[in-house]
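The values are calculated or read from the model by the stated rules, or taken from the named source; none is laboratory data. Predicted model, so just to flag it, every value in this text is computed and none were measured. Here Cβ is always computed from backbone atoms with ideal geometry, including for glycine, and neighbour counts include all displayed protein chains.
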Amino acid sequence: MAELTAHSPRELALAYLATHQVMTLATTGPQGVWAAAVFYVNDGFDLMFLSAGHTRHAQNITAVPHIAATIQEDYRDWQQIQGIQLEGKVALLTDVSRETAITRYQHKYPFLAQAEATMQAALAKVNWYVLRPDRLYFIDNSLGLGHRDEVALA
C-alpha cells in the first residue's frame with residue numbers, strides 16, 4: 001500500500017470528520033424519503049449518533065438500514081466547498097459498543113456532562129447507532145467544480 005501523504009483524500013476526510021459535528025442523514029422507509037441532521041462522533045470512518053426511536057429517520061433506519069449522509073459547512077462561495085458524501089449501513093448499538101459510543105460522544109461534546117438530570121436520563125434512554133460507510137467521497141471544490149475523491153475505507 002502506498003504511503004499516505006498529509007493531503008491524501010483519506011487523511012483529509014478523517015481530519016474533516018474530526019473537526020465537524022453535524023451530519024445530515026438521508027433515509028427512506030414506510031413514510032417515504034426523509035432527511036435529518038444529527039450530531040455525530042467518529043471512530044475512524046464509523047459514525048456514531050443518537051436518536052429517539054419514534055423519529056421518522058429512526059423508523060426509516062429500522063425499515064431500510066442502508067442510508068446516505070453528508071457532512072459539510074454552509075459555504076458562501078462554491079469554490080470553498082469541502083465535505084463528505086457517503087452511503088452505508090446503520091446498526092443499533094448495544095452493550096459495550098453502546099457505552100463506548102456514549103463515552104466518545106460525551107468527550108466530543110463536554111456540555112453534556114453539565115446537562116441537567118432530565119437530559120442525562122434522556123441520553124441514557126435514546127437509541128445509539130453506528131453508520132458504517134460502504135462508500136465515502138471527500139469533496140473539494142477548490143480543485144474544480146464538483147471535484148470528489150473516493151476514499152479507500154479498508
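May I ask you to verify whether Thr103 is among the β-branched types (Val, Ile, Thr), modelled with pLDDT under 95, outside any helix (DSSP H, G or I) and more than 17 Å from Tyr137 (Cβ to Cβ)?
Details: among the β-branched types (Val, Ile, Thr): yes; modelled with pLDDT under 95: yes; outside any helix (DSSP H, G or I): no; more than 17 Å from Tyr137 (Cβ to Cβ): yes.
So Thr103 does not fit the description; no.
Might you check whether a residue that is more than 19 Å from Thr19 (Cβ to Cβ) and in contact with a helix residue (DSSP H, G or I) (Cβ under 6 Å, 6 or more places away or on another chain) occurs anywhere in the stretch 81-96? Walk me through how you get there before you give the answer.
Looking only at the stretch 81-96, we keep the residues that are more than 19 Å from Thr19 (Cβ to Cβ), and these are 87-96.
From the residues that got through so far, the ones that are in contact with a helix residue (DSSP H, G or I) (Cβ under 6 Å, 6 or more places away or on another chain) too are 90, 93.
Yes, that holds for at least one residue.
How many of the residues in the stretch 19-38 are modelled with pLDDT under 95 and among the hydrophobic types (A, V, I, L, M, F, W, C)?
0
Being loosely packed, with under 11 Cβ neighbours inside 10 Å and closer than 17 Å to His20 by Cβ is the filter here, so list the residues in the stretch 97-120 that pass it.
Passing the criteria: Pro110, Phe111.
Condition check ((1) at pLDDT 95 or above; (2) under 20 Å from Gly83 (Cα atoms); (3) small (Gly, Ala, Ser); (4) surrounded by fewer than 14 Cβ atoms within 10 Å (Cβ to Cβ)) across all residues:
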{"residue": "Met1", "(1), (2), (3), (4)": "no, no, no, yes"}
{"residue": "Leu17", "(1), (2), (3), (4)": "yes, yes, no, no"}
{"residue": "Val41", "(1), (2), (3), (4)": "yes, yes, no, no"}
{"residue": "His57", "(1), (2), (3), (4)": "yes, no, no, no"}
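Give the stretch 59-72 a look and list any residue that's within 25 Å of Phe138 (Cβ to Cβ) and buried (at least 16 other Cβ atoms within 10 Å of the Cβ), or say none. I'd like the intermediate steps shown before the answer.
First, the residues of the stretch 59-72 that are within 25 Å of Phe138 (Cβ to Cβ): 61, 65-72.
Across the stretch 59-72, the qualifying residues are Ile61, Pro65, Ile67, Ala68, Ala69, Thr70, Ile71, Gln72.
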